[in-house]
Each structure stands twice: as structure tokens, then as C-alpha cells.
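The structure under discussion appears below in the form of C-alpha cells.
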Amino acid sequence: MCDLSVEDTEWKPAPDRFSVAEVLAHLSHSEGHCYRARVARFVSEELPEFEPDDAQMYLELYRNANAEDAFDHFEEQRETNLAYLRTLPRSAGERRARHPEAGEITLQQMLHEWTMHDLGHIRQIAELVRARKHLQAAGKLGDSYRLKP
């Protein structure tokens, strides 16, 4: 983040794609309002039923996001969530819920999906930075790269 200007964090490779700031706002929102809320329901309810989650539903929330603020908020929530998860007994991973697309799932499965979600967006941010900051500067050496930011 240190080497990115505000313009870099707001740059979008296409109108229908996210900027770095929007990805960070999505991660921040997902951390507190989606995943943490689901963990709480896994622990407190018997076989809770989850509603579908789609980032497209929250696009207005992510527009005009400030990358630094979104990252700071994400970081604070992540620390809180990790502290909470450490208090759960290992057996909590076997608790079950109903997912609208996947059917019956365990907390352990959702934690793995949470990790895949976040790693996917970290890759997305890396691709955005590669496309914005380095592709053009690489000149002809960048021609063989097929970036998908």
C-alpha cells in the first residue's frame, strides 16, 4: 500500500471491475458483516440457514472507498476475529449450517472458504498493482504477460 497513490488505488481496468480501494472495502465488509456474522450463527444456533452472499449486492457500499481506511478497518476486524476464533473449541469446526448453494456445510469448511475468498482478493489486488504500476513500464518485456486484474 505504501507505494500506491490515491489514483492508483482508485484505478479500474474496466468500468465493471473493482479498484484496489473497492476490493479492500469488500474485504472489510465481508470480514465483519458476512463471515464473522456466520461464525456467530454457527456457534449460537442449531443448523442456521444462511442467506446468499453476493458482492454485487453491496457495490454502492464499495464505491468511493478510501483504500487506507478500508484496509485499517479490515485489519482491526481481522485481529478481533482471529482472537475470537482462537477461543472456540476444536469441536466447533464440526458445527453445521445450511448454505443456499452448497447445502449442509460445517464451520471448518466455511473457514477454508473464507481463506480462499481472501487469498483470491489478495491475488486480485496484486494483479491490479501489476497492471497499473508495472505492465506499461516493462515495455515490450510486458507483452507476454496476460494479466487479469
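What number of residues in segment 22-44 are without any contact (Cβ under 8 Å) to a residue 40 or more places away in the chain and either over 17 Å from N66 (Cα atoms) or touching a Ser or Thr at 6+ places or on another chain (Cβ under 9 Å) (or both)? Even if it seems obvious, please write down each step before you answer.
Just the residues of segment 22-44 that are without any contact (Cβ under 8 Å) to a residue 40 or more places away in the chain, to begin with: 29, 33-34, 37, 40, 44.
Checking the rest, the ones that are also either over 17 Å from N66 (Cα atoms) or touching a Ser or Thr at 6+ places or on another chain (Cβ under 9 Å) (or both) come to 33-34, 37, 40, 44.
Of the residues in segment 22-44, 5 are without any contact (Cβ under 8 Å) to a residue 40 or more places away in the chain and either over 17 Å from N66 (Cα atoms) or touching a Ser or Thr at 6+ places or on another chain (Cβ under 9 Å) (or both).
Give me the pairs: first residue in segment 108-127 and closer than 30 Å to D3 by Cβ, second residue among the hydroxyl-bearing types (S, T, Y) and part of a helix (DSSP H, G or I), beta-carbon distance under 6 Å, and six or more apart or on different chains, which are they?
From segment 108-127, the pairs are W114/Y35.
Of the residues A131, A137, only one is farther than 17 Å from R38 by Cβ, free of Cβ contacts under 8 Å to residues at least 60 places away in the same chain and over 13 Å from the mean Cα position of the chain (by Cα); which?
Just a single option satisfies the conditions, and that option is A137.
Out of (1) touching a residue at least 40 places away in the same chain (Cβ under 8 Å); (2) surrounded by 12 or more Cβ atoms within 10 Å (Cβ to Cβ); (3) acidic (D, E); (4) over 24 Å from H134 (Cα atoms), the odd one out for D53 is which?
(1)
Anything in segment 100-125 that is at pLDDT below 95 and surrounded by 12 or more Cβ atoms within 10 Å (Cβ to Cβ)? List them, or say none. I'd like the intermediate steps shown before the answer.
Within segment 100-125, the subset at pLDDT below 95 is 100-102.
Selection gives A102 alone.
The values are calculated or read from the model by the stated rules, or taken from the named source; none is laboratory data. A quick note: this is a predicted structure, and the numbers were derived from the prediction, not measured. Ideal geometry is used to build each Cβ from the backbone, glycine not excepted, and the neighbour counts take in all protein chains shown.
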